[in-house]
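See below for the structure under consideration.
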Amino acid sequence: MSELAVWPVMAARTLRLTFRNLEALLITLLLPVMLMLLFVYLFGGAIETDAPEYVTYAVPGVLILCASYGASMTAVGVADDMSKGIIDRFRSMDIGGPALLSGHVTASALRNLGSITAVFAVAFLIGFRPSAGLPAWLGTVGVLLAFIVAISALSAAVGLLARSPEAASGFTFFVLFLPYPSSAFVPVDTMPDWLHGFARNQPATPVIETVRGLLLDQPVGTRPWTALAWCAGILAVSVALSGILFRRRTR
Amino acid sequence: MTDEPAVDATGLRKSYGAVTVLEGVDVQVAEGSVFALLGPNGAGKTTTVRILSTLTPPDAGTARVAGFDVVRQRRRVRRAISLTGQHAAVDELQTGEENLRMMGRLHRLPRARARARAAELLERFDLAEARGRRVATYSGGMRRRLDLAAGLVGTPSVLFLDEPTTGLDPRSRRAMWDVVTGLADEGVTVLLTTQYLEEADRLADRIALLDAGRIVAEGTAAQLKSRIPGHRLDLTAADPGAYDDLRRALGARADHHDPARLALGVATGGSAAEIRALLDEIDPGRSAVRGFTVNETTLDDVFLALTGQAAPAARATSRESEATGV
């Protein structure tokens with residue numbers, strides 16, 4: 001597809017626009033860091049986990065929170081482009097959905113790798129000491145990246161569905177809460193029984209457990225594969241959905 | 001190839017649900033000419049442009065642009081055209097220069113060529129000084145110029161401009177007109193839509209009047225004006241009694257009546273003899289007519305005559321004056 005040849009230009013555009021939207025940038029960077037401080041210092045004393053320090057238990061959860069929320073911002077960016085004259089200009093230049101959306105997803109991946117780095121930096125400052133070797137670190141980054149790409153692609157589809165950037169931002173709110181009913185911040189056993197099924201089997205859980213296992217040098221079993229399968233599934237569904245939605249929006 | 005019109009559309013139809021927007025529109029634009037699609041809001045101007053620029057497929061009818069079919073050879077059409085819509089298609093958070101360089105890169109120009117092309121266009125559109133400022137800080141006129149410049153990065157041979165001057169102040173509008181005239185002089189084919197008769201008259205080689213999804217008239221400005229007599233005689237009666245007498249004497253010839261102002265309008269060839277004869281005929285006592293003016297037919301008159309309603313811009317003005325109580 002010749003259209004995808006311009007994909008790096010589209011990614012650079014989206015990245016530049018995000019960096020100039022100061023409020024959005026600050027929120028994606030500060031919110032996860034604030035949440036981590038909140039959990040570690042305010043709730044941490046009251047939460048019992050297997051990990052020696054609560055910060056060690058909580059960091060993977062914060063990383064997923066940060067990644068999924070940051071990735072969901074893609075919905076707002078896509079909805080914004082779709083609501084403006086620029087989409088007509090792009091289409092009249094033969095730049096359609098694949099180039100636009102892959103640009104958004106790529107920019108989201110790069111942006112969120114940046115915010116994840118910031119979370120790690122703050123975590124180290126407040127006493128996070130993982131025992132992972134280089135392969136485990138690479139695995140961690142790989143699983144996080146797969147998760148970010150999947151959620152970004154899903155968000156792009158939601159951005160096509162939303163009629164306005166405001167409506168799309170409602171979705172980011174939903175995604176922000178998705179990691180809570182999982183083992184992100186408290187062990188699942190401490191939750192009410194009816195929540196166990198969802199909390200153990202929702203997509204964020206295998207990702208969090210994989211990241212936690214890899215960073216703390218614990219056996220992870222088949223969890224990485226479950227996590228990657230979820231990501232691949234979400235990505236495939238999102239791409240198919242985006243194709244349909246883009247055609248419907250631009251009729 | 002050169003004989004073929006740059007735009008050649010026949011029988012374009014389009015409905016959205018139960019609403020019919022186009023009811024069989026034909027448009028032919030000769031290569032290198034400027035064509036204006038003139039009509040009120042909701043006439044179907046934007047839909048026509050969207051079909052011709054491949055963004056929306058027609059329900060029926062065919063269209064070829066730059067020699068290619070807009071549905072079956074969409075990709076080749078897109079390589080030859082550029083569309084500047086009603087809503088600015090530039091990124092507010094990028095500077096003017098960044099926007100144009102990005103467009104160059106999207107047109108697959110190498111980095112250095114994209115930079116040079118951006119500089120050239122910024123200079124030409126009088127934006128060189130504002131090149132480093134974010135578009136969010138630009139005035140309406142600057143934004144519109146940048147938008148048009150962004151559409152020219154790929155050196156299109158057919159340019160679609162959807163209401164290029166709507167909402168601009170008179171000075172920016174004139175600047176925009178100069179730009180369009182300049183492009184036409186270079187041989188670019190331009191199809192523009194407008195609500196302003198003056199704009200169509202000024203810029204276009206040919207004009208089509210679009211009303212409720214149909215082309216009601218087409219031709220040069222001069223041809224359209226000649227479809228109704230060249231001049232109009234506007235009379236003012238001396239008093240209400242005289243007004244009634246004059247109106248009776250004119251009968252069906254009067255195409256404009258305004259009892260409140262005691263005014264009547266009659267189409268005429270405009271020669272002194274003709275006007276003198278007419279006045280003698282309807283006002284033998286030489287007391288009923290208090291005053292008169294002879295005016296050249298405007299496109300407004302044509303619009304009124306052909307669609308049975310006042311021209312869109314004129315209507316907009318009267319609506320505004322009603323709203324402000326003038």
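Where a number appears in this text, it was derived from the coordinates with a stated rule and is not lab data. Not measured: the values here are computed from a predicted model. For neighbour counting, all protein chains shown are included, and Cβ atoms are generated from backbone atoms with ideal geometry for every residue, glycine included.
Per residue of the range B:283-291, in order, report the coupling 6.51 cos²θ - 1.76 cosθ + 1.60 (Karplus, θ = phi - 60°) as ³J(HN,Hα) in whole Hz, putting x for Gly and Pro.
Working through the residues one at a time gives 9, x, x, 6, 10, 6, 8, 7, x Hz.
Given a Förster radius of 60 Å and the C-beta distance between B:V216 and A:L25 as r, what FRET efficiency does 1/(1 + (r/R0)^6) yield to the nearest 0.05? List each step's numbers first, then the result.
Details: r = 53 Å, r/R0 = 0.88.
The computed FRET efficiency comes out at 0.70.
Which whole number gives the average count of other chain Cβ atoms within 10 Å of the Cβ atoms across peptide A:82-88?
If you average over the peptide's residues, the count of other-chain Cβ atoms is 6.
What list of ³J(HN,Hα) values in whole Hz, one per residue of the range A:196-205 in order, does the Karplus curve 6.51 cos²θ - 1.76 cosθ + 1.60 (θ = phi - 60°) give from phi, with Gly and Pro shown as x?
Taking θ as phi minus 60°, the curve returns 4, x, 5, 4, 7, 10, 6, x, 5, 4 Hz for the range A:196-205.
Mean-square fluctuation check for chain A, GNM, Cα pairs under 10 Å: which of A:L113, A:L17, A:L154 is largest?
Highest fluctuation of the listed residues: A:L17.
For the range A:3-250, rounded, prolate or oblate, judged on the Cα gyration tensor with a ≥ b ≥ c (square roots of eigenvalues), a/c < 1.5 rounded, else prolate if a/b > b/c?
On the way: a/c = 1.96, a/b = 1.84, b/c = 1.07.
Because a/c hits 1.5 or more and a/b exceeds b/c, the range A:3-250 counts as prolate.
Give the dimensionless ratio obtained when the Cα radius of gyration of the range B:32-169 is divided by 2.2 N^0.38 Å.
1.10
Can you list residues whose amide H is under 5 Å from B:V21's amide H, if they're 5+ apart or on another chain and H is modeled 1.01 Å from N?
B:K14, B:S15, B:Y16
Test of understanding: in a Gaussian network model of chain B with alpha carbons linked when under 10 Å, which of B:D147, B:D301, B:D185 would top the mean-square fluctuation ranking?
B:D185
Need one number: % antiparallel among DSSP beta bridges in the protein assembly as shown, to the nearest 5.
Expressed as a percentage, antiparallel bridges in the protein assembly as shown total about 70.
Using a Gaussian network model of chain A with C-alpha springs under 10 Å, which one of A:P165, A:P52, A:P60 is most mobile by mean-square fluctuation?
A:P52
If you take the square roots of the eigenvalues of the alpha-carbon gyration tensor of the range A:91-218 and sort them as a ≥ b ≥ c, do you get rounded (a/c under 1.5), prolate (a/b over b/c) or oblate?
oblate
When only C-alpha pairs under 8 Å and at least 6 residues apart count, what is the relative contact order of chain B, in percent?
Worked out over chain B, it gives 19 percent.
Can you list the residues, at least 5 places off or on another chain, whose amide H is less than 5 Å from the amide H of B:D211, using H built in the peptide plane?
Answer set, sorted by chain and number: B:V216.
Where does helix A:22-37 land angle-wise versus the long Cα axis of chain A, in degrees 0 to 90, nearest 10?
Helix A:22-37 and the main axis of chain A meet at about 10 degrees.
For the range B:146-185, which semi-axes, largest first and in whole Å, follow from the square roots of 5 times the eigenvalues of its Cα gyration tensor?
Ellipsoid semi-axes (Å, largest first): 18, 11, 9.
Per 20 Å bin, what percent of the C-alpha pairs of the protein assembly as shown does each bin hold, from zero upward?
Cα pair-distance distribution for the protein assembly as shown, in percent: 18, 38, 26, 14, 5, 1.
In whole Hz, with x marking every Gly and Pro, tabulate ³J(HN,Hα) for the range A:115-127 from phi via Karplus 6.51 cos²θ - 1.76 cosθ + 1.60, θ = phi - 60°.
Computed from phi, the couplings for the range A:115-127 are 6, 5, 4, 5, 4, 4, 4, 5, 4, 4, 4, 9, x Hz.
When we measure straight from the Cα of B:K14, which aspartates and glutamates land under 16 angstrom away, once same-chain ones fewer than 8 places off are left out?
B:E23, B:D26, B:D59, B:D211
Shielding of B:148-155 by partners, i.e. mean partner chain Cβ atoms within 10 Å per residue?
If you average over the peptide's residues, the count of other-chain Cβ atoms is 1.
Per DSSP H run of at least 4 residues, take -39500 (n - 2.57); add these up for chain B, divide by its residues and hand me the 222 nm value, nearest 500 deg cm²/dmol.
-11500 deg cm²/dmol
Hey, what number do you get for chain A at 222 nm if only DSSP H runs of n ≥ 4 count, each worth -39500 (n - 2.57), divided across all residues, to the nearest 500?
The per-residue figure over chain A is -25000 deg cm²/dmol.
Tell me, what is a quarter of the convex hull surface for the C-alpha atoms of the range A:47-104, in nm² with one decimal?
Details: hull surface 21.2 nm².
For the Cα atoms of the range A:47-104, the hull's average projected area reads 5.3 nm².
Which order do peptides B:23-34, A:185-196, A:116-127 fall in by mean Cβ count within 10 Å, highest first?
B:23-34, A:116-127, A:185-196
Relative contact order for chain A: what is it in percent, counting Cα pairs under 8 Å that are at least 6 residues apart?
27
Would you please classify the overall shape of the range B:6-45 from the alpha carbon gyration tensor, given that a ≥ b ≥ c denote the square roots of the eigenvalues, rounded means a/c under 1.5, and beyond that prolate means a/b larger than b/c while oblate covers the rest?
Here the range B:6-45 falls in the oblate category.
Provide a whole-number value for the mean count of partner chain Cβ atoms within 10 Å of the Cβ atoms in peptide B:81-92.
Mean inter-chain Cβ contacts per residue within 10 Å come to 5.
Counting pairwise Cα distances across chain B, what percent come out greater than 25 angstrom?
So the pairs more than 25 Å apart make up 59 percent of the total in chain B.
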